[in-house]
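To start, the structure under review is shown below, and the notes come after it.
The values are calculated or read from the model by the stated rules, or taken from the named source; none is laboratory data. Please read these numbers as outputs of a predicted model, since none were measured by experiment. As a convention, Cβ positions derive from the backbone with ideal geometry for all residues, glycine included, and neighbour counts pool all protein chains shown.
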Amino acid sequence: MKKLIFILVLTFFSSLNAQEIVVDKLLEKINITKNKEEKQKLLKKLKETLANKNEKEMQEANAIIKAKQKLPSKVYDDTFLNK
């Protein structure tokens, strides 16, 4: 079980790192190119990439919020059962 969790965490962080590398490469290409048409295409691709990344992050955040709402706000007290 611990191995599975460890593998999932590594996969998650490696995918985040890969997404950041893609964004960095696009930004670098935009800064290097001098052709306006090519810059516009790269900017459009960058916008789409960031929008997809933002959508995934929002879905994860909403899932975390929903899971947190399901947790009890008080710690369970079983002292009345011992009487």
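At a glance:
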| read-out | value |
| --- | --- |
| Test: ILE64 is modelled with pLDDT of 85 or more, among the aliphatic types (A, V, I, L, M) and in a helix (DSSP H, G or I) | yes |
| Pairs with Cβ under 8 Å, 6+ apart, first in segment 18-36 and modelled with pLDDT of 80 or more, second surrounded by 10 or more Cβ atoms within 10 Å (Cβ to Cβ) and among the polar types (S, T, N, Q) | LEU26/THR49 |
| Condition met for THR11 (under 14 Å from the mean Cα position of the chain (by Cα), at pLDDT 80 or above, part of a helix (DSSP H, G or I) and among the hydroxyl-bearing types (Ser, Thr, Tyr)) | no |
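Condition check ((1) loosely packed, with under 10 Cβ neighbours inside 10 Å; (2) under 16 Å from the mean Cα position of the chain (by Cα)) across all residues:
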| position | (1), (2) |
| --- | --- |
| VAL23 | no, yes |
| THR33 | no, no |
| LEU42 | no, no |
| GLU48 | no, yes |
| ASN54 | no, yes |
| GLU57 | no, yes |
| ALA67 | yes, no |
